[in-house]
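Below is one structure, written out as C-alpha coordinates; comments come after it.
The values are calculated or read from the model by the stated rules, or taken from the named source; none is laboratory data. Keep in mind that what you see is a predicted model, and the values were worked out from it rather than measured. Here the Cβ positions follow ideal geometry from the backbone for every residue, glycine too, while neighbour counts run over all protein chains shown. These area figures cover heavy atoms from the full protein model, side chains too; ligands, DNA and RNA do not enter into them. Shrake-Rupley method; radii C 1.70, N 1.55, O 1.52, S 1.80 Å.
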Amino acid sequence: MDSLITTFHIDWKIIIAQVINFGIVFAVLYMFALKPLKKLMTEREEKIAKGVTDAKENAEMIEKTRKEYDEVLNKARAEAHTIFQEGKRDADAKKAEMLEDAKNEVGVMIASGKKTLESEKAKIIEEAKKEIVSLVVLATEKVLKDNDNTGVNEKTVKQINNM
Amino acid sequence: METTSSEINTNQVEIDLGQQAEVETKPVHEATLYAEPIYHIGSFAITNALFTSWIAVFLIIIIAISLRRKLKEIPKGIQNFFEIILEGAFSLCDQVTGSRTITTKVFPLAISVFFFILINNWLGILPFGGFGLVEKGGAESVFIPFIRSGTADINTTLALSLMAVVGANIFGIISIGLWKTFNKYVNLKALAGIITKIRREPTVLVVAPVTFFVGVLELIGEFAKIASLSFRLFGNVFAGEVLLLSMSALLAYGLPIPFLFLEIFVGLIQAFIFSILVLVYFTIASQDHDEHDEHEEPAHAMT
(Lines give C-alpha, C1' and ligand atoms only; values in the text may rest on other atoms or scores of the structure.)
Protein backbone atom coordinates (compact mmCIF):
# COMPACT_ATOMS: atom_id res chain seq x y z
CA MET A 1 0.00 0.00 0.00
CA ASP A 2 2.83 2.33 0.91
CA SER A 3 4.59 1.63 -2.35
CA LEU A 4 1.36 2.36 -4.20
CA ILE A 5 1.01 5.67 -2.38
CA THR A 6 4.65 6.56 -3.04
CA THR A 7 4.61 5.48 -6.70
CA PHE A 8 1.46 7.34 -7.61
CA HIS A 9 1.99 10.21 -5.15
CA ILE A 10 -1.42 9.64 -3.63
CA ASP A 11 -2.16 12.68 -1.50
CA TRP A 12 -5.36 12.96 0.49
CA LYS A 13 -5.17 16.76 0.29
CA ILE A 14 -5.32 16.64 -3.49
CA ILE A 15 -8.08 14.05 -3.29
CA ILE A 16 -10.11 16.42 -1.11
CA ALA A 17 -9.29 19.30 -3.47
CA GLN A 18 -10.56 17.24 -6.40
CA VAL A 19 -13.69 16.28 -4.47
CA ILE A 20 -14.31 19.99 -3.88
CA ASN A 21 -13.65 20.68 -7.57
CA PHE A 22 -16.19 18.09 -8.59
CA GLY A 23 -18.63 19.38 -5.98
CA ILE A 24 -18.38 22.86 -7.50
CA VAL A 25 -18.88 21.44 -11.00
CA PHE A 26 -21.90 19.45 -9.87
CA ALA A 27 -23.47 22.39 -8.02
CA VAL A 28 -22.86 24.85 -10.86
CA LEU A 29 -24.05 22.47 -13.56
CA TYR A 30 -27.12 21.54 -11.54
CA MET A 31 -28.05 25.11 -10.59
CA PHE A 32 -27.22 26.93 -13.79
CA ALA A 33 -27.63 24.37 -16.53
CA LEU A 34 -29.40 21.11 -15.73
CA LYS A 35 -32.21 22.34 -13.50
CA PRO A 36 -33.32 25.36 -15.58
CA LEU A 37 -32.81 23.51 -18.83
CA LYS A 38 -34.77 20.50 -17.61
CA LYS A 39 -37.52 22.78 -16.32
CA LEU A 40 -37.68 24.61 -19.63
CA MET A 41 -37.73 21.36 -21.59
CA THR A 42 -40.44 19.87 -19.36
CA GLU A 43 -42.55 23.03 -19.71
CA ARG A 44 -42.10 22.98 -23.45
CA GLU A 45 -42.91 19.30 -23.58
CA GLU A 46 -46.06 19.89 -21.54
CA LYS A 47 -46.98 22.82 -23.76
CA ILE A 48 -46.49 20.76 -26.90
CA ALA A 49 -48.40 17.83 -25.39
CA LYS A 50 -51.21 20.19 -24.42
CA GLY A 51 -51.14 21.71 -27.89
CA VAL A 52 -51.37 18.29 -29.48
CA THR A 53 -54.19 17.27 -27.12
CA ASP A 54 -56.00 20.55 -27.77
CA ALA A 55 -55.56 20.12 -31.52
CA LYS A 56 -56.94 16.59 -31.28
CA GLU A 57 -59.85 17.77 -29.16
CA ASN A 58 -60.48 20.64 -31.56
CA ALA A 59 -60.38 18.29 -34.52
CA GLU A 60 -62.79 15.97 -32.74
CA MET A 61 -65.01 18.92 -31.86
CA ILE A 62 -64.94 20.16 -35.46
CA GLU A 63 -65.76 16.67 -36.69
CA LYS A 64 -68.57 16.41 -34.16
CA THR A 65 -69.89 19.87 -35.05
CA ARG A 66 -69.69 19.03 -38.72
CA LYS A 67 -71.62 15.83 -38.11
CA GLU A 68 -74.21 17.72 -36.08
CA TYR A 69 -74.36 20.39 -38.77
CA ASP A 70 -74.81 17.75 -41.45
CA GLU A 71 -77.44 16.00 -39.34
CA VAL A 72 -79.31 19.25 -38.73
CA LEU A 73 -78.99 20.18 -42.39
CA ASN A 74 -80.23 16.78 -43.53
CA LYS A 75 -83.04 16.93 -41.01
CA ALA A 76 -83.95 20.44 -42.15
CA ARG A 77 -83.80 19.33 -45.75
CA ALA A 78 -86.04 16.36 -45.01
CA GLU A 79 -88.42 18.56 -43.05
CA ALA A 80 -88.41 21.16 -45.80
CA HIS A 81 -89.05 18.45 -48.33
CA THR A 82 -91.91 17.08 -46.23
CA ILE A 83 -93.30 20.55 -45.69
CA PHE A 84 -92.95 21.28 -49.39
CA GLN A 85 -94.62 18.04 -50.31
CA GLU A 86 -97.40 18.67 -47.82
CA GLY A 87 -97.75 22.23 -49.08
CA LYS A 88 -97.77 21.02 -52.63
CA ARG A 89 -100.37 18.44 -51.76
CA ASP A 90 -102.44 21.02 -49.91
CA ALA A 91 -102.01 23.49 -52.74
CA ASP A 92 -103.05 20.87 -55.26
CA ALA A 93 -106.06 20.00 -53.15
CA LYS A 94 -106.87 23.65 -52.72
CA LYS A 95 -106.38 24.22 -56.41
CA ALA A 96 -108.64 21.34 -57.27
CA GLU A 97 -111.18 22.59 -54.77
CA MET A 98 -110.95 26.10 -56.11
CA LEU A 99 -111.26 24.82 -59.65
CA GLU A 100 -114.31 22.83 -58.63
CA ASP A 101 -115.76 25.88 -56.91
CA ALA A 102 -114.97 28.02 -59.91
CA LYS A 103 -116.55 25.44 -62.17
CA ASN A 104 -119.61 25.33 -59.96
CA GLU A 105 -119.76 29.11 -59.79
CA VAL A 106 -119.34 29.34 -63.52
CA GLY A 107 -122.11 26.74 -63.90
CA VAL A 108 -124.31 28.70 -61.56
CA MET A 109 -123.46 31.92 -63.33
CA ILE A 110 -124.10 30.35 -66.70
CA ALA A 111 -127.39 28.96 -65.45
CA SER A 112 -128.44 32.27 -63.98
CA GLY A 113 -127.24 34.00 -67.14
CA LYS A 114 -129.27 31.63 -69.20
CA LYS A 115 -132.24 32.27 -66.97
CA THR A 116 -131.77 36.00 -67.20
CA LEU A 117 -131.27 35.65 -70.92
CA GLU A 118 -134.44 33.56 -71.20
CA SER A 119 -136.43 36.02 -69.18
CA GLU A 120 -134.92 38.93 -71.11
CA LYS A 121 -135.68 37.08 -74.29
CA ALA A 122 -139.25 36.44 -73.21
CA LYS A 123 -139.50 40.04 -72.15
CA ILE A 124 -138.11 41.25 -75.43
CA ILE A 125 -140.41 38.92 -77.33
CA GLU A 126 -143.33 40.19 -75.25
CA GLU A 127 -142.31 43.73 -75.89
CA ALA A 128 -141.71 42.97 -79.52
CA LYS A 129 -145.14 41.39 -79.70
CA LYS A 130 -146.64 44.40 -78.09
CA GLU A 131 -144.74 46.62 -80.47
CA ILE A 132 -145.82 44.52 -83.37
CA VAL A 133 -149.44 44.59 -82.20
CA SER A 134 -149.38 48.32 -81.73
CA LEU A 135 -147.69 48.66 -85.06
CA VAL A 136 -150.29 46.36 -86.60
CA VAL A 137 -153.02 48.34 -84.89
CA LEU A 138 -151.59 51.56 -86.08
CA ALA A 139 -151.12 50.13 -89.52
CA THR A 140 -154.67 48.72 -89.54
CA GLU A 141 -156.12 51.96 -88.28
CA LYS A 142 -154.32 53.79 -90.96
CA VAL A 143 -155.53 51.33 -93.59
CA LEU A 144 -159.04 51.48 -92.29
CA LYS A 145 -159.07 55.17 -92.18
CA ASP A 146 -158.24 55.22 -95.76
CA ASN A 147 -161.07 52.71 -96.62
CA ASP A 148 -163.70 54.43 -94.34
CA ASN A 149 -165.48 51.31 -93.47
CA THR A 150 -166.03 52.04 -89.91
CA GLY A 151 -168.20 49.13 -88.89
CA VAL A 152 -165.87 46.58 -90.38
CA ASN A 153 -162.91 48.48 -89.17
CA GLU A 154 -164.02 48.66 -85.68
CA LYS A 155 -164.77 45.00 -85.74
CA THR A 156 -161.36 44.27 -87.17
CA VAL A 157 -159.67 46.56 -84.67
CA LYS A 158 -161.46 44.80 -81.88
CA GLN A 159 -160.41 41.44 -83.26
CA ILE A 160 -156.90 42.66 -83.52
CA ASN A 161 -156.97 44.04 -80.06
CA ASN A 162 -158.28 40.78 -78.77
CA MET A 163 -155.47 39.04 -80.33
CA MET B 1 22.76 19.53 -41.07
CA GLU B 2 23.04 22.93 -39.44
CA THR B 3 21.85 21.49 -36.17
CA THR B 4 24.53 18.86 -36.31
CA SER B 5 27.27 21.41 -36.95
CA SER B 6 26.05 23.66 -34.14
CA GLU B 7 26.00 20.68 -31.82
CA ILE B 8 29.58 19.91 -32.80
CA ASN B 9 30.53 23.53 -32.15
CA THR B 10 28.89 23.41 -28.73
CA ASN B 11 30.75 20.24 -27.91
CA GLN B 12 33.99 21.84 -29.00
CA VAL B 13 33.30 24.84 -26.75
CA GLU B 14 32.49 22.48 -23.90
CA ILE B 15 35.74 20.62 -24.47
CA ASP B 16 37.58 23.91 -24.64
CA LEU B 17 36.12 25.10 -21.40
CA GLY B 18 36.94 21.77 -19.89
CA GLN B 19 35.82 21.05 -16.38
CA GLN B 20 35.50 24.72 -15.43
CA ALA B 21 32.14 25.22 -17.12
CA GLU B 22 28.96 23.43 -16.25
CA VAL B 23 27.44 21.42 -19.03
CA GLU B 24 24.36 23.25 -20.35
CA THR B 25 21.78 20.53 -21.03
CA LYS B 26 18.30 20.76 -22.47
CA PRO B 27 15.57 20.43 -19.83
CA VAL B 28 14.14 16.92 -19.90
CA HIS B 29 10.42 16.27 -19.92
CA GLU B 30 9.73 12.94 -18.36
CA ALA B 31 6.33 11.32 -18.39
CA THR B 32 5.86 10.66 -14.71
CA LEU B 33 3.19 8.43 -13.20
CA TYR B 34 2.28 11.20 -10.82
CA ALA B 35 1.29 14.82 -11.32
CA GLU B 36 4.15 17.21 -10.71
CA PRO B 37 3.85 20.11 -8.32
CA ILE B 38 4.06 23.53 -9.91
CA TYR B 39 3.45 25.65 -6.84
CA HIS B 40 3.35 25.22 -3.08
CA ILE B 41 1.01 26.85 -0.57
CA GLY B 42 2.55 25.82 2.69
CA SER B 43 2.63 22.05 2.70
CA PHE B 44 -0.05 21.86 0.04
CA ALA B 45 1.41 21.16 -3.37
CA ILE B 46 -0.55 22.44 -6.33
CA THR B 47 0.09 19.90 -9.06
CA ASN B 48 -0.27 20.52 -12.76
CA ALA B 49 -3.20 18.06 -12.81
CA LEU B 50 -4.96 20.00 -10.05
CA PHE B 51 -4.30 23.24 -11.91
CA THR B 52 -5.82 21.71 -15.06
CA SER B 53 -8.83 20.59 -13.03
CA TRP B 54 -9.29 24.16 -11.83
CA ILE B 55 -9.23 25.32 -15.44
CA ALA B 56 -11.82 22.64 -16.22
CA VAL B 57 -14.00 23.82 -13.32
CA PHE B 58 -13.63 27.41 -14.50
CA LEU B 59 -14.58 26.48 -18.07
CA ILE B 60 -17.61 24.51 -16.90
CA ILE B 61 -18.73 27.46 -14.75
CA ILE B 62 -18.37 29.84 -17.72
CA ILE B 63 -20.29 27.47 -20.02
CA ALA B 64 -23.04 26.85 -17.43
CA ILE B 65 -23.53 30.56 -16.67
CA SER B 66 -23.54 31.55 -20.35
CA LEU B 67 -26.02 28.77 -21.01
CA ARG B 68 -28.23 29.97 -18.14
CA ARG B 69 -28.17 33.51 -19.54
CA LYS B 70 -29.09 32.42 -23.04
CA LEU B 71 -31.95 30.14 -22.04
CA LYS B 72 -35.00 30.82 -24.17
CA GLU B 73 -38.21 28.98 -24.85
CA ILE B 74 -37.24 28.51 -28.47
CA PRO B 75 -33.74 27.00 -28.31
CA LYS B 76 -30.86 28.44 -30.30
CA GLY B 77 -27.12 27.82 -30.60
CA ILE B 78 -25.51 26.54 -27.39
CA GLN B 79 -28.91 25.82 -25.80
CA ASN B 80 -29.92 23.71 -28.78
CA PHE B 81 -26.68 21.75 -28.55
CA PHE B 82 -27.06 21.11 -24.82
CA GLU B 83 -30.73 20.20 -25.16
CA ILE B 84 -29.85 17.56 -27.75
CA ILE B 85 -27.11 16.16 -25.49
CA LEU B 86 -29.33 16.29 -22.43
CA GLU B 87 -32.26 14.59 -24.12
CA GLY B 88 -30.08 11.84 -25.59
CA ALA B 89 -28.25 11.30 -22.30
CA PHE B 90 -31.50 11.20 -20.37
CA SER B 91 -33.03 8.52 -22.58
CA LEU B 92 -29.76 6.55 -22.42
CA CYS B 93 -29.85 6.78 -18.61
CA ASP B 94 -33.42 5.56 -18.70
CA GLN B 95 -32.29 2.50 -20.61
CA VAL B 96 -29.49 1.83 -18.11
CA THR B 97 -31.49 2.33 -14.93
CA GLY B 98 -34.79 0.99 -16.26
CA SER B 99 -36.58 3.42 -14.01
CA ARG B 100 -37.48 7.06 -14.60
CA THR B 101 -37.37 7.74 -10.84
CA ILE B 102 -33.76 6.59 -10.48
CA THR B 103 -32.77 8.38 -13.68
CA THR B 104 -34.23 11.67 -12.44
CA LYS B 105 -32.25 11.36 -9.22
CA VAL B 106 -28.90 10.13 -10.57
CA PHE B 107 -28.79 11.85 -13.96
CA PRO B 108 -27.43 15.23 -12.71
CA LEU B 109 -24.53 13.46 -10.99
CA ALA B 110 -23.75 11.21 -13.95
CA ILE B 111 -23.80 14.07 -16.46
CA SER B 112 -21.63 16.20 -14.15
CA VAL B 113 -19.11 13.35 -13.89
CA PHE B 114 -19.18 13.05 -17.67
CA PHE B 115 -18.48 16.74 -18.33
CA PHE B 116 -15.88 17.01 -15.57
CA ILE B 117 -13.91 14.03 -16.89
CA LEU B 118 -14.38 15.00 -20.54
CA ILE B 119 -13.08 18.54 -20.10
CA ASN B 120 -10.18 17.26 -17.96
CA ASN B 121 -9.31 14.62 -20.56
CA TRP B 122 -9.40 17.06 -23.44
CA LEU B 123 -7.48 19.79 -21.66
CA GLY B 124 -4.55 17.40 -21.41
CA ILE B 125 -4.26 17.07 -25.16
CA LEU B 126 -4.40 20.79 -25.87
CA PRO B 127 -1.15 22.05 -27.37
CA PHE B 128 -0.10 23.95 -24.25
CA GLY B 129 2.50 21.37 -23.27
CA GLY B 130 5.23 23.90 -24.00
CA PHE B 131 4.18 26.14 -21.13
CA GLY B 132 5.72 25.15 -17.86
CA LEU B 133 8.61 25.62 -15.56
CA VAL B 134 12.09 24.24 -15.53
CA GLU B 135 13.21 22.75 -12.27
CA LYS B 136 16.88 22.28 -11.80
CA GLY B 137 17.82 19.25 -9.85
CA GLY B 138 21.47 18.29 -9.81
CA ALA B 139 23.09 17.80 -13.18
CA GLU B 140 19.97 17.91 -15.30
CA SER B 141 16.96 20.18 -15.28
CA VAL B 142 13.44 18.91 -15.59
CA PHE B 143 10.67 20.56 -17.52
CA ILE B 144 7.30 20.52 -15.74
CA PRO B 145 4.32 21.49 -17.91
CA PHE B 146 1.56 23.57 -16.36
CA ILE B 147 -1.08 21.51 -18.09
CA ARG B 148 -1.52 17.82 -17.45
CA SER B 149 -4.84 16.07 -17.83
CA GLY B 150 -6.65 16.18 -14.51
CA THR B 151 -7.52 12.55 -15.01
CA ALA B 152 -3.90 11.64 -15.71
CA ASP B 153 -3.42 11.92 -11.96
CA ILE B 154 -4.55 9.03 -9.79
CA ASN B 155 -5.66 11.48 -7.09
CA THR B 156 -8.37 12.88 -9.37
CA THR B 157 -9.63 9.50 -10.53
CA LEU B 158 -9.47 8.16 -6.99
CA ALA B 159 -11.49 11.12 -5.74
CA LEU B 160 -14.11 10.53 -8.44
CA SER B 161 -14.25 6.77 -7.79
CA LEU B 162 -14.55 7.27 -4.04
CA MET B 163 -17.38 9.72 -4.60
CA ALA B 164 -19.08 7.30 -6.98
CA VAL B 165 -18.90 4.27 -4.70
CA VAL B 166 -19.62 6.10 -1.43
CA GLY B 167 -22.35 8.09 -3.17
CA ALA B 168 -23.90 4.89 -4.55
CA ASN B 169 -24.04 3.37 -1.07
CA ILE B 170 -25.55 6.53 0.41
CA PHE B 171 -28.09 6.47 -2.40
CA GLY B 172 -28.76 2.81 -1.57
CA ILE B 173 -29.36 3.67 2.09
CA ILE B 174 -31.78 6.43 1.06
CA SER B 175 -33.54 4.17 -1.45
CA ILE B 176 -33.85 0.83 0.37
CA GLY B 177 -32.81 1.67 3.91
CA LEU B 178 -29.75 1.29 6.10
CA TRP B 179 -30.55 -2.26 7.28
CA LYS B 180 -30.96 -3.68 3.78
CA THR B 181 -27.83 -1.95 2.52
CA PHE B 182 -25.89 -3.21 5.53
CA ASN B 183 -27.21 -6.74 4.94
CA LYS B 184 -25.88 -6.65 1.39
CA TYR B 185 -22.36 -6.72 2.83
CA VAL B 186 -22.77 -8.26 6.26
CA ASN B 187 -25.64 -10.61 5.67
CA LEU B 188 -26.91 -11.10 9.21
CA LYS B 189 -30.30 -11.95 7.80
CA ALA B 190 -28.84 -15.06 6.16
CA LEU B 191 -27.18 -16.12 9.40
CA ALA B 192 -30.40 -15.54 11.31
CA GLY B 193 -32.15 -17.67 8.69
CA ILE B 194 -30.20 -20.69 9.96
CA ILE B 195 -32.10 -20.54 13.24
CA THR B 196 -35.50 -19.77 11.74
CA LYS B 197 -35.45 -22.07 8.72
CA ILE B 198 -33.37 -25.03 9.82
CA ARG B 199 -36.37 -27.24 10.57
CA ARG B 200 -38.19 -26.50 7.34
CA GLU B 201 -35.12 -26.39 5.12
CA PRO B 202 -32.02 -28.16 6.40
CA THR B 203 -30.16 -26.97 3.29
CA VAL B 204 -30.06 -23.53 4.84
CA LEU B 205 -27.03 -24.76 6.78
CA VAL B 206 -25.11 -24.70 3.49
CA VAL B 207 -26.89 -21.83 1.77
CA ALA B 208 -26.71 -19.29 4.60
CA PRO B 209 -22.91 -19.30 5.06
CA VAL B 210 -22.50 -19.08 1.28
CA THR B 211 -24.90 -16.13 1.19
CA PHE B 212 -22.98 -14.52 4.04
CA PHE B 213 -19.73 -15.05 2.18
CA VAL B 214 -21.27 -13.52 -0.96
CA GLY B 215 -22.00 -10.44 1.16
CA VAL B 216 -18.34 -10.26 2.18
CA LEU B 217 -17.39 -10.58 -1.49
CA GLU B 218 -19.75 -7.70 -2.25
CA LEU B 219 -17.90 -5.63 0.34
CA ILE B 220 -14.56 -6.48 -1.25
CA GLY B 221 -16.19 -5.74 -4.60
CA GLU B 222 -16.89 -2.19 -3.47
CA PHE B 223 -13.17 -1.63 -2.97
CA ALA B 224 -12.51 -3.32 -6.30
CA LYS B 225 -14.93 -0.88 -7.88
CA ILE B 226 -12.90 2.05 -6.53
CA ALA B 227 -9.69 0.51 -7.81
CA SER B 228 -11.07 -0.45 -11.21
CA LEU B 229 -12.79 2.87 -11.81
CA SER B 230 -9.80 4.97 -10.81
CA PHE B 231 -7.09 2.91 -12.48
CA ARG B 232 -9.04 2.40 -15.71
CA LEU B 233 -9.51 6.11 -16.24
CA PHE B 234 -6.05 7.05 -15.04
CA GLY B 235 -4.41 4.31 -17.13
CA ASN B 236 -6.20 5.26 -20.33
CA VAL B 237 -5.59 8.97 -20.08
CA PHE B 238 -2.02 8.64 -18.86
CA ALA B 239 -1.27 6.12 -21.60
CA GLY B 240 -2.69 8.58 -24.11
CA GLU B 241 -0.40 11.34 -22.86
CA VAL B 242 2.61 9.03 -22.99
CA LEU B 243 1.64 7.96 -26.49
CA LEU B 244 1.39 11.57 -27.67
CA LEU B 245 4.70 12.38 -26.04
CA SER B 246 6.37 9.38 -27.68
CA MET B 247 4.98 10.27 -31.07
CA SER B 248 6.10 13.87 -30.68
CA ALA B 249 9.56 12.66 -29.73
CA LEU B 250 9.70 10.48 -32.81
CA LEU B 251 8.51 13.15 -35.21
CA ALA B 252 7.07 16.37 -33.87
CA TYR B 253 5.38 17.40 -37.13
CA GLY B 254 2.40 15.48 -38.43
CA LEU B 255 2.86 12.17 -36.71
CA PRO B 256 0.98 13.04 -33.48
CA ILE B 257 -2.09 14.31 -35.40
CA PRO B 258 -3.87 10.93 -35.83
CA PHE B 259 -3.05 10.11 -32.22
CA LEU B 260 -4.51 13.45 -31.13
CA PHE B 261 -7.77 12.45 -32.80
CA LEU B 262 -7.51 9.05 -31.14
CA GLU B 263 -7.04 10.74 -27.76
CA ILE B 264 -10.05 13.01 -28.36
CA PHE B 265 -12.07 9.86 -28.95
CA VAL B 266 -10.52 8.00 -25.99
CA GLY B 267 -11.23 10.99 -23.75
CA LEU B 268 -14.88 10.96 -24.81
CA ILE B 269 -15.22 7.20 -24.42
CA GLN B 270 -13.57 7.13 -21.01
CA ALA B 271 -15.81 9.93 -19.72
CA PHE B 272 -18.80 8.05 -21.08
CA ILE B 273 -17.74 4.71 -19.53
CA PHE B 274 -17.09 6.29 -16.14
CA SER B 275 -20.44 8.07 -16.02
CA ILE B 276 -22.32 4.97 -17.21
CA LEU B 277 -20.61 2.90 -14.52
CA VAL B 278 -21.56 5.50 -11.92
CA LEU B 279 -25.11 5.18 -13.12
CA VAL B 280 -24.96 1.38 -12.95
CA TYR B 281 -23.52 1.42 -9.40
CA PHE B 282 -26.22 3.80 -8.25
CA THR B 283 -28.91 1.64 -9.87
CA ILE B 284 -27.57 -1.56 -8.29
CA ALA B 285 -27.33 0.15 -4.90
CA SER B 286 -30.95 1.25 -5.09
CA GLN B 287 -32.22 -2.28 -5.75
CA ASP B 288 -33.19 -4.61 -2.97
CA HIS B 289 -31.68 -8.08 -3.35
CA ASP B 290 -34.16 -9.57 -0.88
CA GLU B 291 -37.05 -8.68 -3.17
CA HIS B 292 -35.89 -11.38 -5.58
CA ASP B 293 -35.48 -13.88 -2.76
CA GLU B 294 -38.93 -13.09 -1.40
CA HIS B 295 -40.43 -13.52 -4.86
CA GLU B 296 -38.57 -16.76 -5.38
CA GLU B 297 -39.26 -18.19 -1.94
CA PRO B 298 -42.92 -19.18 -2.39
CA ALA B 299 -42.07 -21.04 -5.59
CA HIS B 300 -39.19 -22.71 -3.78
CA ALA B 301 -41.45 -23.65 -0.91
CA MET B 302 -43.96 -25.17 -3.33
CA THR B 303 -41.34 -27.53 -4.65
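Which residue, of B:R100, B:R68, is within 12 Å of chain A (Cβ to nearest Cβ), more than 26 Å from B:E241 (Cα to Cα), of a type outside the set (S, T, Y) and out of contact with any strand residue (DSSP E or B) (no Cβ under 7 Å at 6 or more places or on another chain)?
Details: B:R100 fails: within 12 Å of chain A (Cβ to nearest Cβ).
Unique residue meeting the criteria: B:R68.
B:A168 falls short on exactly one of the conditions (1) away from chain A (no Cβ under 14 Å); (2) modelled with pLDDT of 90 or more; (3) open to solvent by less than 50 Å² (accessible area, probe 1.4 Å); (4) over 24 Å from A:D11 (Cα atoms), and that condition is (4). Yes or no: B:L59 more than 18 Å from A:I14 (Cβ to Cβ), facing another protein chain (nearest Cβ under 8 Å) and touching a residue at least 60 places away in the same chain (Cβ under 8 Å)? When the stated conditions are applied, B:L59 does not pass them.
Exactly one residue out of B:N236, B:N183 is under 30 Å from B:F259 (Cβ atoms), away from every other protein chain (no Cβ under 14 Å) and among the polar types (S, T, N, Q), and it is B:N236.
In the list A:I10, A:I62, A:I14, which residue meets the criterion of being open to solvent by 50 Å² or more (accessible area, probe 1.4 Å) and aliphatic (A, V, I, L, M)? Let's see the steps before the verdict.
Values: A:I10 fails: open to solvent by 50 Å² or more (accessible area, probe 1.4 Å); A:I14 fails: open to solvent by 50 Å² or more (accessible area, probe 1.4 Å).
That would be A:I62, the only listed residue that is open to solvent by 50 Å² or more (accessible area, probe 1.4 Å) and aliphatic (A, V, I, L, M).
Mind counting the residues in region B:88-99 that are surrounded by 12 or more Cβ atoms within 10 Å (Cβ to Cβ) and not aliphatic (A, V, I, L, M)?
Quick first cut of region B:88-99, residues surrounded by 12 or more Cβ atoms within 10 Å (Cβ to Cβ) only: B:89-90, B:92-94, B:96-97, B:99.
After this cut, where a residue has to be not aliphatic (A, V, I, L, M) as well, the list is B:90, B:93-94, B:97, B:99.
Final tally of qualifying residues: 5.
Could you please find all residues in region B:24-73 being more than 23 Å from B:T151 (Cα to Cα) and of a type in the set (A, V, I, L, M, F, W, C)?
Hits for region B:24-73 are B:I65, B:L67, B:L71.
Looking across B:S53, B:S99, one residue alone is among the small types (G, A, S) and more than 21 Å from the chain's Cα centre (by Cα). It is B:S99.
Taking B:L86, is it facing chain A (nearest Cβ under 10 Å) and on the phi < 0 side of the Ramachandran plot? Can you show your working first?
On the way: facing chain A (nearest Cβ under 10 Å): yes; on the phi < 0 side of the Ramachandran plot: yes.
The answer is yes for B:L86.
If the condition is being open to solvent by 70 Å² or more (accessible area, probe 1.4 Å) and without any contact (Cβ under 8 Å) to a residue 12 or more places away in the chain, then region B:100-134 contributes B:R100, B:T101, B:T104, B:P127.
Let's see how each residue does on (1) in a helix (DSSP H, G or I); (2) within 22 Å of the chain's Cα centre (by Cα); (3) within 10 Å of chain A (Cβ to nearest Cβ):
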| site | (1), (2), (3) |
| --- | --- |
| B:L118 | yes, yes, no |
| B:L123 | yes, yes, no |
| B:G130 | no, no, no |
| B:V134 | no, no, no |
| B:V142 | no, no, no |
| B:I147 | no, yes, no |
| B:A159 | yes, yes, yes |
| B:M163 | yes, yes, yes |
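Taking residues in region A:1-22 that are within 14 Å of B:A35 (Cβ to Cβ) and outside any helix (DSSP H, G or I), and partners anywhere that are modelled with pLDDT of 85 or more and open to solvent by less than 60 Å² (accessible area, probe 1.4 Å), the pairs with Cβ atoms closer than 7 Å and at least 6 places apart or on different chains are A:I10/B:I154; A:I10/B:N155; A:I10/B:L158; A:D11/B:N155. Out of B:T52, B:T32, one residue alone is surrounded by 13 or more Cβ atoms within 10 Å (Cβ to Cβ), modelled with pLDDT of 90 or more and either more than 8 Å from chain A (Cβ to nearest Cβ) or touching a strand residue (DSSP E or B) at 6+ places or on another chain (Cβ under 6 Å) (or both). It is B:T52.
Just to be sure I understand, how many residues within region B:55-75 are outside any helix (DSSP H, G or I) and open to solvent by 40 Å² or more (accessible area, probe 1.4 Å)?
Start the filter on region B:55-75 by keeping residues that are outside any helix (DSSP H, G or I), which leaves B:70-75.
Within this subset, residues satisfying the condition of being open to solvent by 40 Å² or more (accessible area, probe 1.4 Å) are B:70, B:72-74.
The number of residues fulfilling the criteria is 4.
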